[in-house]
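S.K.: Okay, here's the structure, questions in a sec.
The values are calculated or read from the model by the stated rules, or taken from the named source; none is laboratory data. Here the structure is a predicted model, which means the values were calculated and not measured. All Cβ positions, even for glycine, are placed from backbone atoms using ideal geometry, and neighbour counts span all protein chains on display. Heavy atoms of the whole protein, side chains included, go into the accessibility calculation; ligands, DNA and RNA do not. Shrake-Rupley method; radii C 1.70, N 1.55, O 1.52, S 1.80 Å.
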Amino acid sequence: MVRLFFGQPAGSAGGGRFPPAFFTSAIRPAWFIAGIAALVLVAGVVLGLAWARKTVTLADSGKEIIIKTRSSTVGELLAENSVQLGPHDRVVPELPAILSEGSRVEIKRAHRVQLTADRETVEFYSSAETVGDVLRERKVALNGQDMVSPSAGERIGAGTEIRVVRVRTETEEVMSPIAHEVRRVPNHEMARGISRTVSRGQNGEEIQTWSVTYHDDQVVSRSIIDRKTVVKPVEAVVHTGTGQTVSRGGENIRFREAMDAIATAYTHTGYNTASGTKPHYGVVAVDPRVIPLGTRLYVDGYGHATALDTGSVIKGNRIDVFLESESEARRWGVRTVRVYILD
């Protein structure tokens, strides 16, 4: 029987035993050698797997091919197949990645893209697949109303132009007048065509709430969503004449309508009237747009007349009555008269 003593019994001379340090120094080299052997084994397995033929898929510009290869990394695979990368192209997974059986390598080709957003237009190369990917790549955040053209799901191609229109809707309050109404009251004591304001109206005021939509800070639509009256409007009252008969000098004159006009006077000029007749008492010059030539009239303070002449200064509600002498014309002067347009 062999006995190993790891301590020294009392009274022992110490002869014929191994010190503890002996076991420690003997075990350590054995573990070290075993570790090295394991590492070599693992490395051999990894290298063997890496150098073994494997099947991988290579996708480039929408086309996929199946390749048998001994390449250990993505970079080696591309070099083996003479695949050239542009300065902005990307590869997934990246070039140093280790290939294994069934690996898929995708080349994302970059395209030149133009992006307009926030009043700025920039051009750049991007290997993103869709418009939405480009926006995320450029950190262009969208709110729920913003418009993107082409749509976010559209694929990127050469020369793609992307436009982002910022859309926002705000509410605005404005003070706005409320137009007063006009109430017209028939008055048979007044001549038809004549009106008189009995009471002036007054506009009211209201607060209007509008929904305003902006596209890139430009207003594109406005719609009213609420209104609140602050001051009520006051209606105006106007009497309008309905009478068509007037008594002048004991004569009852029936007319179609009446009008107030500024009247001046003129006398012989040596020329005929605009209608070709010789001027005489009862001839009146008018604006044909207001009173057609040939219309029979009754002019207060003048009498019966006919619109047969025109004048360069006779515009609108203005007439020029003919008198036989210059002195009479001067005595007439300028006055406001009521003109009755006869049937």
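S.K.: Can you tell me the FRET efficiency between Arg70 and Arg112 if r is taken as the Cβ-Cβ distance and R0 is 41 Å, rounded to the nearest 0.05?
M.R.: That pair, Arg70 with Arg112, gives E of 0.65.
S.K.: If you take Cα extents along the principal axes in Å from the coordinates, which of (i) 172, 62, 31; (ii) 110, 49, 36; (iii) 64, 39, 38 do you get?
M.R.: Correct label is (i).
S.K.: To the nearest 20 debye, what charge dipole does region 176-284 have about its Cα centre, counting +1 at the Cβ of each Lys and Arg and -1 at the Cβ of each Asp and Glu?
M.R.: That gives region 176-284 a dipole magnitude of about 560 debye.
S.K.: Over region 239-337, what is the relative contact order in whole percent, taking alpha-carbon pairs under 8 Å and six or more residues apart?
M.R.: Numbers: 176 pairs, mean separation 35.0, N = 99.
For region 239-337, the relative contact order is 35 percent.
S.K.: A further question follows. Compute, for the chain, the length of the dipole vector about the Cα centre, with Cβ point charges of +1 (Lys, Arg) and -1 (Asp, Glu) only. Units Debye, rounded to 20.
M.R.: 900 debye
S.K.: On to the next question. Cβ neighbours within 10 Å, averaged per peptide: list 174-182, 283-291 in order, most packed at the top.
M.R.: So the peptides 174-182, 283-291, ranked by packing, come out 283-291, 174-182.
S.K.: Past 29 Å, Cα to Cα: identify those pairs from Lys54/Lys139; Lys108/Lys139; Lys232/Lys315, in the order given. Intermediate values should be presented prior to the final figure.
M.R.: On the way: Lys54/Lys139 39 Å; Lys108/Lys139 20 Å; Lys232/Lys315 39 Å.
In this structure, Lys54/Lys139; Lys232/Lys315 exceed 29 Å between Cα atoms.
S.K.: Also, quick follow-up: Tilt of helix 20-51 relative to the longest C-alpha principal axis of the chain, in degrees (0 to 90, nearest 10)?
M.R.: 50 degrees
S.K.: Another one. When the accessible area of the chain is split by element with a 1.4 Å probe, what percent falls to carbon and sulfur?
M.R.: 54 percent
S.K.: Report, in deg cm²/dmol and to the nearest 500, the calculated mean residue ellipticity at 222 nm for the chain, where each DSSP H run with n ≥ 4 adds -39500 (n - 2.57) and the sum is divided by the residue count.
M.R.: -5000 deg cm²/dmol
S.K.: Let me ask you something else. So who's got an amide H within less than 5 Å of the one on Asp89, skipping anything under 5 residues away but keeping other chains? H placed 1.01 Å off N, in plane.
M.R.: Correct list: Ala110.
S.K.: May I ask you to give the solvent-accessible area per residue for region 160-221, in square angstrom, as obtained with a 1.4 angstrom probe?
M.R.: Heavy-atom accessible area per residue stands at 66 Å².
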